[in-house]
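Below: the structure, in structure tokens.
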Ligand code: F0G
């Protein structure tokens, strides 16, 4: 591993790597892991298998024996020709993060953060979540033999994710309120009771794992930098982490430039997109955010300073999509490309459709949409599909003749 420090994202104050808190002691800004990459030579990692740990020199874990892994990363980057043709785009790729062990991109961050927790001698971990972070943490803490507490907004988490949390034996606490309130409680609890190690995306070590998404995209495209990368945005950890990854490969001179970063939010849960559209350098939190994409039902994203900076620096943008557009995109990706993703993930495809209709992405540009979680996590979508899309759904009795079946077909 290469040496690193923690640095405040706002005032740039530097803290030693073993700093315990998640906020700057001077200005309360977000912290960031900083590797000194200036004089570094490229690691000889081409022979290593594609995965989060392929890039271990760039991950803040000192001892290899601290590693807690379920084989994360190495997800497919799929050239989507059929969907691309429909949208008039030649080089459309989907990086399908639902292929991770617990079915979402969170595993990239969790393998690193839980390894860090082990390295720091922590025994109890804690998070607030709209579902996927909770499912991932529940699995990785089980693997590490740690106690796990998750806080989720009551009645607002998809069924598959609840099942994962329960199955892995985490202590599940349902908060009467939304995700933003659950996160506030989790942060306060972690402040007050130091034995609980907070695993939300303000934990800078978690974002280090998530930046490998960008490394993998560049490796899978043989270091050709895509012009555009589109991600759904909730708490803003993932788009910031991806941007950090693209930037580090550039600092290492492995690539010359970086993509435009585009964040997509649900129309009624879109504080980032609103700020970007109004060219504001702060967000205005949204109270009582609403969307069927429960994973990104977030009104007050903690990582907003990092997100606005990534979008600005990359000359990217942010856009909103309606629930109907999300469901349409989910269905299109499933029927045209064989990829079943959860609604929040389909927001990136819905956003691309909107941008492409408005001519805001080029027809020949290389575009990567990140789909963040597996479709099986949220079976409630079945109740929202129009009747015309639920197939034949005809019944025959076992004794019917084949002719009767053929007549129906
Ligand atoms: N897509 C999915 C499927 C998610 O679960 C999340 C976040 C996002 C996108 C947004 O990522 O927060 O890094 O901007 N889910 C969190 C959770 C909040 O608790 O599982 P982000």
**Asked** Between residue 173 and residue 57, what is the FRET efficiency for a Förster distance of 35 Å, r being their Cβ-Cβ separation, to the nearest 0.05?
**Response** 0.40
**Prompt:** In Å, what is the Rg of the alpha-carbon atoms in the stretch 253-409, and how long is Dmax?
**Reply:** 20.0, 69
**Asked** Which order do peptides 138-148, 203-213 fall in by mean Cβ count within 10 Å, highest first?
**Response** 203-213, 138-148
**Message:** I need two numbers for the chain: Rg to one decimal and Dmax as a whole number, Cα atoms only, in Å.
**Reply:** 21.2, 78
**Complete:** Between residue 254 and residue 387, the FRET efficiency computed from the C-beta separation at R0 = 45 Å comes out, to the nearest 0.05, as 0.30
**Acute angle (nearest 10 degrees) that the helix 237-251 long axis makes with the longest principal axis of the chain, alpha-carbon atoms** = 60
**Message:** On C-alpha positions alone, give me the angle between the axis of helix 132-144 and the longest principal axis of the chain, in degrees, nearest 10.
**Reply:** 60
**Message:** Suppose we keep just the DSSP beta bridges with both residues in the chain; what percent of those would be antiparallel, to 5?
**Reply:** 30
**Asked** What is the gain in length, in nm to one decimal, between residue 380 and residue 64 on full extension, counting 0.36 nm per residue of separation less the C-alpha to C-alpha distance?
**Response** 109.7 nm
**Message:** So for each of 155-168, 370-383 I average, over its residues, the number of other beta carbons within 10 Å; can you give me the resulting order with the highest mean first?
**Reply:** 370-383, 155-168
**Asked** Hey, if you drop one equal point scatterer on each alpha-carbon of the stretch 59-173 and run the Debye formula without solvent, what base-10 log of I(q)/I(0) do you get at q = 0.09, 0.22 Å⁻¹?
**Response** -0.30, -1.11
**Asked** Where does helix 343-357 land angle-wise versus the long Cα axis of the chain, in degrees 0 to 90, nearest 10?
**Response** 80
**Item:** Within the stretch 6-28: backbone nitrogen closer than 20 Å to the residue 312 label point (7 Å, Cα to C-beta)
**Value:** 7-13, 24, 27-28
**Asked** Distance from the Cα centre of the stretch 40-61 to that of the stretch 168-194, in angstrom?
**Response** 34
**Complete:** Quick calc, residue 336 & residue 39: beta-carbon distance into FRET formula, R0 51 Å, rounding 0.05, result 0.60
**Sorted peptide list for 220-227, 300-307, 128-135, 314-321, criterion being average Cβ within 10 angstrom, highest first** = 128-135, 300-307, 314-321, 220-227
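Computed from the coordinates by the stated procedures, all read-outs in this text should not be read as laboratory data. Keep in mind that this is a model prediction, so the values were computed, not measured. Neighbour counts run over all protein chains shown; Cβ positions are idealised from the backbone, glycine included.
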